[in-house]
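Comments concern the structure below.
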Amino acid sequence: MSRYTETDLTKIVYDAMQCFKNEMNFNISPENTVLAFFTPDNGIEVYESFCKKYFPDWLQEDYMADGYFESFAASAFVGEKYYGILIRSDLDFSLAELFQIFLHEISHIYCTVNEIDGGHFFDRYCHCDDINEDGIMNAGYAIWREAIADIMAQRVNPYGGRYTLKYVKPYVEDLYNRLSHRNPESKKAMSLILVYFMVSDEVVKAKDWSKAETKIKKVIFFDDELMYGILKLVYVNFSKEQYWKITPDFIFELGERYLKLIMYRFIYGTT
C-alpha cells in the first residue's frame, strides 16, 4: 500500500511543476495539466476515460498489452489543449524518487514541445517510408528521449545529485552487457548508460570531450570505439546551451551508431 494519498501525490506533482517552471521557464501549471491515477487493476478503465476526454489520439497505443500498467510509474501526454500525467498510485517511493519520476515526465512534455521548432519530433520524423531509415530513426529517438528526460530531471531536481564514475561503473558494465538484438530492453539500457555518464561528476566538470573521454577510460574501459563514438556524439549535444534541441541528422546518427554497436557485439560474439 502506498504511503501517499492521491491528494499527496497531486501536491508533489504541482511542486515538481513549479520547480521545473522556475528552472526552465516553461509554462506548465495545474491550469493546463490534467492528472489521473491508476493501479494495475483499473489501468485500462482509467486510461480509456482519461484519453477519451483529453488525449483521443493516445487510444491508438497498445495499452491492452499484458503487463502494460505494471511497466511504468507515470506517463506523460501532450494534447492540443492540455498536458497530462497518468500516475500509478499504489507504489511506495521516497519523496526524492517521486520528484525524479514526475520531473522525468514533465521533461518529456517539455522536450516534445521544444526539442525542434514546432515540436513533436516523433510524429514528424519517426514514420519514414523507407523501412531501414524508419528503424534507425526510431532507435535513435527511443534512446534519446529517455536519456534526455532523465538528465533534464536530474539537473532540475533539488533532491538530485551527481555520481562518480567509480560509483556508476558496475551499473554501466551490467547495462553494457545487456546491449543485444535479443534484448527488447536494449535501447533502454543504452539510454541509462548515457544518463550515468552524462550526470557523472567527472564528465560534468570536463571542459571538452577529450578531457571527458580521458577520465572515462581511466575508470570504465570498453573494448570497442563504437561506444565512445556514441558517448562523444551525445556529450557534444549536451554541451550546448539548449541541450534538449535535436535535429533529424543527430537522431539518425545516434540510431545508426547504436545499431552498428549492436551488430558489432553480435558478430564478435559478445551478445
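The values are calculated or read from the model by the stated rules, or taken from the named source; none is laboratory data. Predicted, not measured: the structure shown is a model, and the values here were computed from it. When we count neighbours, we look across all protein chains shown, and the Cβ atoms used for this are built from the backbone with ideal geometry, even at glycine. Areas reflect the complete protein model, heavy atoms only, side chains present, ligands, DNA and RNA absent. Shrake-Rupley method; radii C 1.70, N 1.55, O 1.52, S 1.80 Å.
Miscellaneous remarks
- Pairing each residue of region 4-30 that is farther than 21 Å from S89 by Cβ and assigned to a helix (DSSP H, G or I) with any residue that is open to solvent by 80 Å² or more (accessible area, probe 1.4 Å) and among the polar types (S, T, N, Q), provided the two are 6+ apart or on different chains, yields C-beta distances under 9 Å for K21/N27.
- Scan of region 209-244 for residues that are open to solvent by 60 Å² or more (accessible area, probe 1.4 Å) and among the charged types (D, E, K, R), ordered by number: K211, K215, K217, K218, D223, E225, K232, K240, E241
- Restricting A139, A189 to those that are open to solvent by less than 10 Å² (accessible area, probe 1.4 Å) and within 20 Å of C111 (Cα to Cα) reduces the list to A139.
- The set of residues in region 254-271 being of a type in the set (S, T, Y) and in a loop (DSSP other than H, G, I, E, B) consists of Y268, T270, T271.
- Restricting region 27-75 to residues that are polar (S, T, N, Q) and at pLDDT below 95, the residue that is nearest to the chain's Cα centre (by Cα): S71
- Exactly one residue out of I251, I230, I246 is in contact (Cβ under 8 Å) with a residue 12 or more places away in the chain and not in a helix (DSSP H, G or I): that is I246.
- Verdict on Y63 being surrounded by 14 or more Cβ atoms within 10 Å (Cβ to Cβ), without any contact (Cβ under 8 Å) to a residue 60 or more places away in the chain and either farther than 27 Å from G118 by Cα or of a type in the set (F, W, Y) (or both): yes
- Q154 vs. criteria open to solvent by 70 Å² or more (accessible area, probe 1.4 Å) and either within 30 Å of H120 (Cβ to Cβ) or in contact (Cβ under 8 Å) with a residue 24 or more places away in the chain (or both): no
- Residue in region 202-223 that is over 27 Å from G118 (Cβ atoms) and within 18 Å of the chain's Cα centre (by Cα) present: no
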